[in-house]
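Presented below is the structure to which this report refers.
The values are calculated or read from the model by the stated rules, or taken from the named source; none is laboratory data. These numbers were taken from a predicted model, which means no experiment stands behind them. Side chains are part of the model used for accessible areas, which takes the heavy atoms of the whole protein and leaves out ligands, DNA and RNA. Shrake-Rupley method; radii C 1.70, N 1.55, O 1.52, S 1.80 Å.
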Amino acid sequence: VRRAKRSFFDDIILSAQSSQRVWDLVDWTKPRHLNVAVSLVRGDGSSIESQEEIKDAFQNQFTPVHPHPVDLTIMDEYPQANSRDFPPISVREIFEALQDTSNSSAPGPDHCGW
């Protein structure tokens with residue numbers, strides 16, 4: 001069995017080398033992924049199993065009916081910037097700025113695909 005395995009994998013390596021597809025063998029050098037099943041649990045440690053329980057758990061976590069109160073007085077600690085006048089922008093200026101852009105370009109750092 002050991003010789004058969006060795007012969008099998010040697011043939012695969014030789015065929016990869018001869019076909020210039022050596023990179024196909026890189027997966028052998030990486031650690032194997034374990035199939036791990038993670039279960040959701042309630043606050044008391046019991047498992048959540050049904051779809052309805054999963055929906056309720058996520059809804060209560062992210063959009064609770066009675067959310068915890070938020071103390072907005074922490075915002076008083078931050079200095080407020082002085083307000084500045086915003087110069088008016090005409091529709092013509094916007095049109096001229098967008099006229100030179102491409103409709104088929106990829107989005108830039110601001111994620112807008114002008």
Self-check item: Nearest-ten-degree value, helix 2-18 long axis tilted from longest Cα axis of the chain
Solution: 60
Exercise. With a probe of 1.4 Å, find how much accessible area the chain has per residue, and write the answer as a whole number in Å².
Key: 103
Quiz item: Between (1) 18.5; (2) 23.6; (3) 15.7, which matches Kirkwood radius over Cα pairs in Å calculated for the structure shown?
Solution: (2)
Self-check item: Helix-only CD estimate at 222 nm, as mean residue ellipticity for the chain, using -39500 (n - 2.57) per DSSP H run (n ≥ 4)
Solution: -10500 deg cm²/dmol
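Could you check how much of the accessible area of the chain is carbon and sulfur, as a whole percent, using a 1.4 Å probe?
After summing per-atom areas, the C and S share lands at 57 percent.
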